[in-house]
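Heads up, the thing below is written out as structure tokens.
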Amino acid sequence: MKQVPGFEQYTKSEIPKLLSIQDYKIGAFLCYELLFPGVAKKLTDLGADVLCGISFNTWLGNTNWPLLQMAYAPFRAIETRTPLLYLNNNGPSTVILPSGKIKSYLSLNKKGYIHAWL
């Protein structure tokens with residue numbers, strides 16, 4: 001019996017792939033992969049112009065985990081010298097420059113959007 005029908009036919013990929021939007025190559029990673037510097041490095045080694053971390057932390061409730069997880073994002077931007085977008089359904093969400101500076105920020109439990117030039 002399959003626990004999640006429709007998804008169980010997929011297998012783990014050892015080689016990350018980049019997304020392309022217009023002339024940009026985006027290195028996307030999910031949730032806790034942000035904690036591991038090797039993931040961001042592999043994506044930039046493949047030629048990512050921008051890193052994008054996507055997370056769904058609402059299920060964690062009213063904890064500091066979303067803030068703690070986001071705190072790793074500036075380090076990944078600095079290590080790879082690559083802009084990083086961190087997107088979380090319940091916040092925080094942020095745009096981080098290659099220097100590690102937070103350019104735009106949407107706080108925890110706040111609905112909205114970020115518009116920023118990289």
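The values are calculated or read from the model by the stated rules, or taken from the named source; none is laboratory data. In this text, all values refer to a predicted model and were calculated from it rather than measured experimentally. Counting neighbours? That spans all protein chains shown, and the Cβs are built from the backbone with ideal geometry, glycine included.
The table below gives the values:
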quantity: Identity of the residue in the stretch 76-118, small (Gly, Ala, Ser) and within 19 Å of Ile26 (Cα to Cα), that ends up surrounded by the fewest Cβ atoms within 10 Å (Cβ to Cβ); calculated: Ser99
quantity: Tally, over the stretch 1-51, of residues that are at pLDDT below 85, in a loop (DSSP other than H, G, I, E, B) and either loosely packed, with under 10 Cβ neighbours inside 10 Å or not basic (Lys, Arg) (or both); calculated: 16
quantity: Members of the stretch 53-66 that are in a loop (DSSP other than H, G, I, E, B) and either among the aromatic types (Phe, Trp, Tyr) or touching a residue at least 12 places away in the same chain (Cβ under 8 Å) (or both); calculated: Phe56, Asn57
quantity: Matching residues in the stretch 52-71 - criterion: being surrounded by fewer than 19 Cβ atoms within 10 Å (Cβ to Cβ) and under 14 Å from the mean Cα position of the chain (by Cα); calculated: Cys52, Ile54, Phe56, Leu67, Leu68, Ala71
quantity: Enumeration of residues in the stretch 67-93 that are under 16 Å from Phe56 (Cβ atoms), of a type in the set (S, T, N, Q) and not in a helix (DSSP H, G or I); calculated: Asn88, Asn89, Asn90, Ser93
quantity: Residues of the stretch 52-83 classified as small (Gly, Ala, Ser) and modelled with pLDDT under 90, total; calculated: 2
